[in-house]
Amino acid sequence: MLNILYFGDNRHFSTAFHRAKALERIGHRILLYHNPEEALPGYFKSSVMSAVNFRSGYRLVQPAIQGELKKILQSGIKPDIIWVDNGEFFGEKCLQILKQFNCPVILYSIDDPTGKRDGRRFDSFLAAIKLYDLIAVVRKETEDECKLLGAKNVLRVMRSYDEVAHAPYENADEIPASFKSEVAFIGTWMRNENRDEFLKVLIDAGISVSIWGDRWPKSQHFDLLKPFYRGPNLGGKDYIAAIQGAKICLGLLSKGNRDLHTTRSMEVPYAGGMLCAERTSEHIELYEDGKEAVFWNDAQECAALCKKLLAEKNIETIKNAGMKKVRDLKLGNEDICKLILEKGLSMAI
């Protein structure tokens, strides 16, 4: 059993929280679960200051974060390993404090810290990149760029579902009617990602699309989308209900984040949904097209594919095959966290 000092978003619907619980399930102990954002003084938590911090690479909060880390160091806590999830709050001086625990310090990043979509958001992290004993990332470009920036050791892993948080309903009849749909998209509206344009093509083709997610009223097409909008982002059993209760679940990638697969690529099949996503090299590597998931190249092909699937009535067969495949691939948090820990422990301090 390892004693782990864990830093990350501790909201129960966050993937960081899911990973922390997975670490516990595989037999380890979280000595302290610390959310760096919660430690900030109140004036840093306003929406204006949150935007300033995001755009300035969290430079202004470094003294406050460093002070909090020093308190933890002085508390006498003795971890065997330190897990930093995401790392945007931690600059070089923060890592210098963490290194005083004299144990491996690893980072898991589900984002694209070396990419351009989020501007200067990860400046503090990039300044500290050389001090981590291991950095685990989810895309090839990030792996290569972290190495070029001087990271000691980089491990590329696939994104993962959570074995408990994303488990499907044992009895699908228990799914509330409010979460049942023909075609579902669960995700946030993002500027310059054209998700609204994509869904507009499906709606114009006569497909009933159910949309759950934040910020959709900001879309220029919201007047058209509004009748299909069913509420903000989902978490917990509601999230599972919307996936399992849909005949088809759309998987839209973030081009700004250079995605070739996302967490939805794993969560949807594991939760009993049918993944209908963009045809990419990584999706094709994961699932057999037409049998374990279905893929398309553009919105027009997606619309035609949805119509065909809804008419042919073989959706349950594809759902079941996809669920079996993602389990066989062992891409749950427990397996991925175990791999990262084993690699992290093998690194010299």
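The values are calculated or read from the model by the stated rules, or taken from the named source; none is laboratory data. Everything numeric in this text was worked out from a predicted model, so none of it was measured. Because the Cβ atoms are built from the backbone with ideal geometry, glycine has one as well, and the counts that use them run over all protein chains shown. When the accessible area is computed, the model is the full protein with side chains, heavy atoms only, and any ligands, DNA or RNA have been set aside. Shrake-Rupley method; radii C 1.70, N 1.55, O 1.52, S 1.80 Å.
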* **Any hit, segment 118-134, residues being aliphatic (A, V, I, L, M) and in contact with a strand residue (DSSP E or B) (Cβ under 6 Å, 6 or more places away or on another chain)** => yes
* To do: Kindly check whether there is at least one residue in segment 174-185 that is under 16 Å from Thr263 (Cβ atoms), open to solvent by less than 50 Å² (accessible area, probe 1.4 Å), at pLDDT 95 or above and part of a strand (DSSP E or B).
  => yes
* In segment 154-197, what count of residues is obtained for those that are over 30 Å from Lys308 (Cα atoms), touching a residue at least 40 places away in the same chain (Cβ under 8 Å) and of a type in the set (A, V, I, L, M)? -> 5
* Return only the number of the condition from (1) surrounded by 14 or more Cβ atoms within 10 Å (Cβ to Cβ); (2) in contact with a helix residue (DSSP H, G or I) (Cβ under 7 Å, 6 or more places away or on another chain); (3) not in a loop (DSSP other than H, G, I, E, B) that Gly272 does not satisfy. => (3)
* Structure fact -> By residue number, the members of segment 143-153 that are free of Cβ contacts under 8 Å to residues at least 24 places away in the same chain and either of a type in the set (Ser, Thr, Tyr) or open to solvent by less than 20 Å² (accessible area, probe 1.4 Å) (or both) are Ala151
* Asked: Can you find a residue in segment 125-132 that is touching a residue at least 60 places away in the same chain (Cβ under 8 Å) and either assigned to a loop (DSSP other than H, G, I, E, B) or touching a helix residue (DSSP H, G or I) at 6+ places or on another chain (Cβ under 7 Å) (or both)?
  -> no
* Which one of the conditions (1) touching an Asp or Glu at 6+ places or on another chain (Cβ under 9 Å); (2) under 26 Å from Ile26 (Cβ atoms); (3) open to solvent by 10 Å² or more (accessible area, probe 1.4 Å) does Leu252 fail to meet, given that it meets all the rest? -> (2)
* Structure fact -> Taking segment 298-328 and keeping residues over 19 Å from Ala246 (Cβ atoms) and outside any helix (DSSP H, G or I) leaves Asp298
* Tell me, yes or no, whether segment 22-32 has at least one residue that is in contact with a Pro (Cβ under 9 Å, 6 or more places away or on another chain) and free of Cβ contacts under 8 Å to residues at least 60 places away in the same chain. => yes
* To do: Please verify whether segment 286-297 includes one or more residues that are charged (D, E, K, R), modelled with pLDDT under 95, outside any strand (DSSP E or B) and open to solvent by 70 Å² or more (accessible area, probe 1.4 Å).
  => no
* Leading residue by the ranking (modelled with the lowest pLDDT) among those in segment 235-261 that are within 13 Å of the chain's Cα centre (by Cα) and among the polar types (S, T, N, Q) -> Asn257
